[in-house]
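Scroll down for the structure; my scribbles are underneath it.
The values are calculated or read from the model by the stated rules, or taken from the named source; none is laboratory data. This is a predicted model, so every value here is computed, not measured. When we count neighbours, we look across all protein chains shown, and the Cβ atoms used for this are built from the backbone with ideal geometry, even at glycine. When the accessible area is computed, the model is the full protein with side chains, heavy atoms only, and any ligands, DNA or RNA have been set aside. Shrake-Rupley method; radii C 1.70, N 1.55, O 1.52, S 1.80 Å.
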Amino acid sequence: MTSTADAPRSPGRPRSIRADEAIIEATLDLLAEGSTVEALSIEAIAARAGVGKATIYRRWAGKNALLLDALRRLKGIMAQPAGHSVRDDLVLLVGAIGKNIDPRAAKIMPCLVPAVNRSPDQFQLYQNIIAPRRQLMRDVLRRGIEEGLLRPDIDVEVTMALLTGPMLIQRVLQWNPELDERTLPVQVVDAVLEGIRVR
């Protein structure tokens, strides 16, 4: 059986970025429309993107590899600390937590939580997405220790959880509608710094 990816294409329709974009967009659209990670299939993605399955498999080893790229796209470019002020860098990183320009993220990200909890593969997928972002925050905190601004005895991993938790629960679950998300990053960072800065 010949896939549509192997069929002759009309002139001017390159096999390249256009197909990549269509596949990524189809994946995100299906997730935003309610497809679970488990139920999402290469067949459904191919049909939505208007490509053959072979086209997808030439670009990604499987569904998890495709999901990783799609979710990275959804998360957007990582915030890059300027490196001048530990406080300002933390405010930047905390402000980026759970913040997505793509409106589909509000529908997709909460739905990933059950999959992450049920599946070791999805848990690893999630870790692959957030590990670089976590490392950025870790580096800023360690810089603060090296510069003598933060106490050397702080637990960096726990401190990251303290900084991250409030933003996640607010942006993903809308835990308290009375909180102002515009000022929350500054409030969270200042509250945590109060407990970990050198006196």
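Odds and ends about this structure:
- Sorted peptide list for 119-130, 46-57, criterion being average Cβ within 10 angstrom, highest first: 46-57, 119-130
- Spread of Cα-to-Cα distances over 5 Å intervals beginning at zero, given as percent, for segment 34-118: 3, 12, 18, 19, 16, 13, 8, 6, 4, 2
- Note on segment 77-194: with charges restricted to the Cβ of Lys and Arg (+1) and Asp and Glu (-1), its dipole about the Cα centre is near 480 debye.
- Projecting the alpha carbon convex hull of the chain along each direction and taking the average yields 13.9 nm².
- The stretch between Ser41 and Glu157, if pulled fully straight at 0.36 nm per residue, gains 38.2 nm over its current Cα-Cα span.
- Computed about its Cα centre, the charge dipole of the chain is approximately 640 debye, with only Lys, Arg, Asp and Glu carrying charge at their Cβ.
- With all protein chains in place and a 1.4 Å probe, the accessible surface of the chain carries 58 percent carbon and sulfur.
- The aspartates and glutamates within cross-link reach of Lys53, meaning a Cα-to-Cα straight distance under 13 Å and a gap of 8 or more places when in the same chain, are Asp6, Asp20, Glu43.
- Taking every protein chain into account, the 1.4 Å probe leaves Met167 with about 0 Å² of accessible area, to the nearest ten.
- Heavy-atom accessible area per residue - the chain, 1.4 Å, Å²: 57
- Placing a pseudo-label 7 Å from each Cα along the Cα-to-Cβ vector at Ile130 and Asp88 gives an inter-label distance of 2.8 nm.
- For the residues Val37, Val156, Val189, a GNM of the chain with alpha-carbon springs under 10 Å puts the largest fluctuation on Val156.
- The sum of -39500 (n - 2.57) across all DSSP H runs of n ≥ 4, divided by the residue count of the chain, sets its helix-only mean residue ellipticity at 222 nm to -20500 deg cm²/dmol.
- For segment 17-73, the calculated P(r), taken from all Cα-Cα distances in 10 Å bins from zero up to the bin holding the longest distance, is 25, 66, 8 percent.
- Here Lys107 is the anchor, and the lysines within straight C-alpha reach of less than 16 Å, apart from those fewer than 8 places off in the same chain, are Lys75, Lys99.
- Net charge dipole, segment 17-73: roughly 240 debye, given to the nearest 20, about the Cα centre with Cβ charges of +1 for Lys and Arg and -1 for Asp and Glu.
- Accessible heavy-atom area order of Trp60, Trp175, highest first, probe of 1.4 Å: Trp175, Trp60
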